[in-house]
1. Just grab the label-to-label distance for residue 151 and residue 168, each label 7 Å out from Cα along the Cβ direction, in nm (one decimal).
2. Taking Cα atoms, how many degrees apart are the long axis of helix 159-172 and the longest axis of the chain, rounded to 10 and kept between 0 and 90?
3. Once Rh for the chain is found with the Kirkwood sum over Cα pairs, what is the Stokes-Einstein diffusion coefficient at 10 °C and 1.306 mPa s, in µm²/s?
4. As an exercise, use a Förster radius of 25 Å and the Cβ-Cβ distance of residue 115 and residue 89 to find the FRET efficiency, rounded to the nearest 0.05.
5. Calculate how steeply helix 39-50 sits against the longest principal axis of the alpha-carbon atoms of the chain, using the helix alpha-carbon long axis, and give the answer as 0 to 90 degrees to the nearest 10.
6. How far is it, in nm, from the label point at residue 3 to the one at residue 80 when both lie 7 Å from their Cα along the line to the Cβ?
7. Compute the acute angle (0 to 90°) between the alpha-carbon long axis of helix 84-96 and the principal axis of greatest extent of the alpha-carbon atoms of the chain; round to the nearest 10°.
8. Could you give the nm distance between label points at residue 72 and residue 199, where each point is 7 Å from its Cα heading toward the beta carbon?
């Protein structure tokens, strides 16, 4: 962990204050990987160690009622079930650092929905961390997301570990084990396969478990 914190801190220092001109270009670090790779855990630890605000892509999940209307509730987590343009717009605001504060939403797994304006990103933060599945997806508008990120680290833990985590996550939300396994090996696996297509474009590959 110390090596990753050091790398994140070095990135933050390159986005620090530059004298009379004020803040040099803010740095944005992306953490990506398939579902249950440990993105949220690593991102939270890095944020705690560096003091960087943490903005999650999951805050831009489209609400369940709208997914039902669109006929996409059973594919929740797929790229088109996010407000990707909204996420991109937020990253551009964060990147610009020309507002006193930018507020970002968070996704609460306990209610399976997003909470608006839950994370504050002050203008003087030299580093912002963001995490999500599709930071390296080669499709619009996700392709434009990559242009807002200075580095993207790809988490790639052992597949049996990741699948076990997915099943445990669904069970914790109230699913029985058979249903959880179907979801993990079905919808979530499809999302994982899409995420993996961006792996070659990552700045750093991390295979350890989080």
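1. For residue 151 paired with residue 168, the spin-label model returns 2.8 nm.
2. 80
3. 90
4. Efficiency for this residue pair is about 0.85.
5. Once rounded, the angle reads 20 degrees.
6. It works out to 4.1 nm between the two label points.
7. So the inclination is approximately 20 degrees.
8. Once both label points are built, they end up 2.6 nm from each other.
Coordinate-derived values only; no laboratory data. As the structure is a prediction and not an experimental result, all values here were calculated from the model. Methodologically, a virtual Cβ is constructed for each residue, glycine included, from the backbone with ideal geometry; neighbour enumeration extends over all protein chains shown.
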